[in-house]
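Chemist: This is the structure I want to talk about, given as structure tokens.
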Amino acid sequence: MQYQGGCHCGAVRFLIEAPEHIECADCNCSICSKSGYLHLILPKSKFQLLSGEDNLTTYTFNTGVAKHSFCKTCGVKSFYIPRSNPDGVDVNVRCLDTRPPQLTIEPFDGQNWEQHAHKVAHLSQES
């Protein structure tokens, strides 16, 4: 299925290809728990930025591998390049325009990322 989404103000828009039944992760790390991010990690080939590239700013911390992209206007992070999958894209399911017909939310222990990163490393691989 194809899903569209974007930031709050609409400046940043994207299109993804994902299954009808989306399995996403609710991470308890410091940045995700504060922002309410629901993770859907995809191969880059399944993500297309439609508009707003010039309206994005990037935030990095700790190792600097993750590239957190925020809309300069409204501050929403609708997608980013995750540390666990730097070859993929992580989309915030809450930023999709329509709720997936089937959605499963699983907890992810990002506070202990080093012990659990291997559980999501395969998600950015082509299927």
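The values are calculated or read from the model by the stated rules, or taken from the named source; none is laboratory data. Every value quoted in this text rests on a predicted model; they were computed, and no experiment measured them. Glycine also receives a Cβ, built like all others from the backbone with ideal geometry; neighbour counts cover every protein chain displayed.
Chemist: Yes or no: the range 100-121 includes at least one residue that is over 22 Å from ASN62 (Cα atoms) and surrounded by 19 or more Cβ atoms within 10 Å (Cβ to Cβ).
Modeler: Looking through the range 100-121, none of the residues is over 22 Å from ASN62 (Cα atoms) and surrounded by 19 or more Cβ atoms within 10 Å (Cβ to Cβ).
Chemist: Pairs needed: first member in the range 1-26, over 29 Å from GLN111 (Cα atoms) and buried (at least 19 other Cβ atoms within 10 Å of the Cβ); second member anywhere, among the hydroxyl-bearing types (Ser, Thr, Tyr) and at pLDDT below 95; C-beta distance under 6 Å; at least 6 residues apart or different chains.
Modeler: none
Chemist: Give just the number: which of (1) under 18 Å from LEU123 (Cβ atoms); (2) out of contact with any Lys or Arg (no Cβ under 9 Å at 6 or more places or on another chain); (3) assigned to a strand (DSSP E or B); (4) free of Cβ contacts under 8 Å to residues at least 60 places away in the same chain does ASN85 not satisfy?
Modeler: (3)
Chemist: Here's something else I'd like to know. Name every residue in the range 104-116 that is hydrophobic (A, V, I, L, M, F, W, C) and more than 15 Å from the chain's Cα centre (by Cα), in order of residue number.
Modeler: Within the range 104-116, TRP113 is the sole residue that qualifies.
Chemist: Would you please name the residue that is nearest to the chain's Cα centre (by Cα), looking only at residues in the range 61-77 that are assigned to a loop (DSSP other than H, G, I, E, B) and either at pLDDT 95 or above or within 22 Å of GLN48 (Cα to Cα) (or both)?
Modeler: Of everything passing the filter in the range 61-77, LYS77 is nearest to the chain's Cα centre (by Cα).
Chemist: Filter the range 48-59 for residues that are modelled with pLDDT under 95 and in contact with a Lys or Arg (Cβ under 6 Å, 6 or more places away or on another chain) and give the result.
Modeler: THR58
Chemist: Continuing with this model, one more query. Please work out which residue is nearest to ALA117 (Cα to Cα), limiting yourself to the range 78-87 and to residues that are in contact with a His (Cβ under 9 Å, 6 or more places away or on another chain) and modelled with pLDDT under 95.
Modeler: SER84
Chemist: Which one of ASN112, ASN92 is at pLDDT below 95 and out of contact with any His (no Cβ under 6 Å at 6 or more places or on another chain)?
Modeler: ASN112
Chemist: Let me ask you something else. Could you go through the range 30-41 and let me know if any residue there is basic (Lys, Arg) and at pLDDT 95 or above.
Modeler: no
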